[in-house]
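Please treat every number below as a calculation from the coordinates, not as lab data. Everything quoted here is computed from the prediction, not taken from an experiment. Cβ sites come from the backbone with ideal geometry, for glycine too, and all protein chains shown count toward neighbours.
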Amino acid sequence: MDCSSPLAAYQQAIDRDGFKSDPAQWQAAQALQSCHKALQQRADSIQPITGVYLWGPVGRGKTWLMDSFYHSLKIPARRQHFHHFMRWVHVRLFQLTGTADPLRALARELSEELRVLCFDELFVSDIGDAIILGRLFQLMFEQGVVLVATSNQPPEQLYAEGFNRERFLPAIAALQRHMQVVAIDGDADHRLHPGIGHSRYWVATPGMPGVLNRSFSQLAAGRPSSDQPLSLGARRVQVIRHCETTLWCRFADLCEQPLAALDFIALCDRFSAILLDQVPSLSSPQRAAKIARGTEDGVERVPAGDRQLPALSVKDDSVRRFIALVDECYDRKVPLYIEAQVPLAELYTEGYLSFAFRRTLSRLQEMQLQRFGTGTCT
């Protein structure tokens, strides 16, 4: 791939690699090209440069476009999934305990290390992250860090129903002020373009042996394996089998236990393939939302103390973990092999997380193609 500039990479993808011209992608490539050109012309300056915020439905090419931009840079830059960045932020803030203004120190540290920060899948759902980012984004821009990001939502919809959302509004204002917002909203999900099939999702047949035993044997390729629990930090995860390169677990042991995105990052650090067995249908009706009150207003209703909780489904905690697992495997190009009770299209059709699961479904569909996991431009 031509890595000299994002526009050159996109044009080559159309001319030589079979990409179909997409007006929304072309607009995004031009926005990235303008940012790339400004960075080349002012490589040693901290003069503000407008970043790019790419948003749109799943499978529209946002990550590919951002990666082509990142690989074209000849200046210090970092490309991270947003989960990874927030893990680093929390670790550094703990290490900076006692510093007068730790967020400013963090922003200064970033500006000394890099000129450009590329985020994939910018998504905010945690109040702690929202409060941190409310100020950190502003400080990063003040220090001259140029931000390029992808998201399924425009800036004004980030953390849309979050508690104390006003604490995050300064971050939204900073993103809109310092980034060109580009919608990539073409009709086609490009992850579904034809390719050579490579099944990694099967529906279990009652009374018949599962297929993952054969998959594990092929992936393990004769390496010694064990059925002993896996140590994951302070936790022990039950397994069916694992070897040096491959992990085979039940859905219940990864997604119904108190694991988080950081645990799935650790799994992808360690294993090059993950097998997930006994995946049930994840759909379930949403339950009636409740009103939450703090202890100071628990006796009687105080309007200022009330907040509406989301109408969650009974399985949504495990679904949230499953989404995080798929995101991490997809971002790290770690194939995820699944045996489930229902076909992929029926895996999650009802529940509070339907919007977020669209990305998961699209990514799982791409994992059924041979091209998943192949290299990219270097």
Residues whose modelled amide H sits under 5 Å from the amide H of Val203, counting only those 5 or more places away in sequence or on another chain, are Ala340
Among 59-71, 114-126, the order from most to least packed when residues are scored by Cβ within 10 Å on average:
59-71, 114-126
What does the net charge come to around His242 if you take all other residues with beta carbon closer than 12 Å to its beta carbon, with K and R at +1 and D and E at -1?
0
Using only helices, what value at 222 nm comes out for the chain when you add -39,500 (n - 2.57) per DSSP H run of length 4 or more and divide by the total residues, to the nearest 500 deg cm²/dmol?
-12000 deg cm²/dmol
Cross-link partners among lysines for Lys20, C-alpha distance below 27 Å, same-chain residues fewer than 8 apart left out?
Lys37, Lys62, Lys333
Quick one: which residues, 5+ away or cross-chain, put their amide H under 5 Å from the amide H of His81? H built at 1.01 Å from N.
Asp120
Extension gain Leu96-Glu166, at 0.36 nm per residue separation less the Cα-Cα distance, in nm?
22.6 nm
Heads up, the stretch 225-277 by the C-alpha gyration tensor (a ≥ b ≥ c square roots of eigenvalues; a/c under 1.5 rounded, else a/b over b/c prolate, else oblate) looks rounded
Residues meeting the amide H criterion for Arg60 (H placed from the backbone, H to H distance under 5 Å, 5 or more places apart or on another chain) are His190
By how many nm would the segment from Ala345 to Ser281 lengthen if fully extended, with 0.36 nm per residue of separation less the alpha-carbon distance?
22.0 nm
Additional length obtainable on full extension of the chain from Thr50 to Arg108, 0.36 nm per residue less Cα span:
19.0 nm
Sort the chain into rounded, prolate or oblate with this rule: let a ≥ b ≥ c be the square roots of the eigenvalues of the Cα gyration tensor; rounded if a/c is under 1.5, and if a/c is not under 1.5, prolate when a/b is larger than b/c, oblate otherwise.
oblate
Computed FRET value (nearest 0.05) for Gln228 with Glu256, which takes r as the C-beta separation and R₀ as 25 Å
0.80
For the stretch 51-56, in order, what is each residue's ³J(HN,Hα) by Karplus, 6.51 cos²θ - 1.76 cosθ + 1.60 with θ = phi - 60°, in whole Hz (x at glycine and Pro)?
x, 9, 10, 9, 9, x
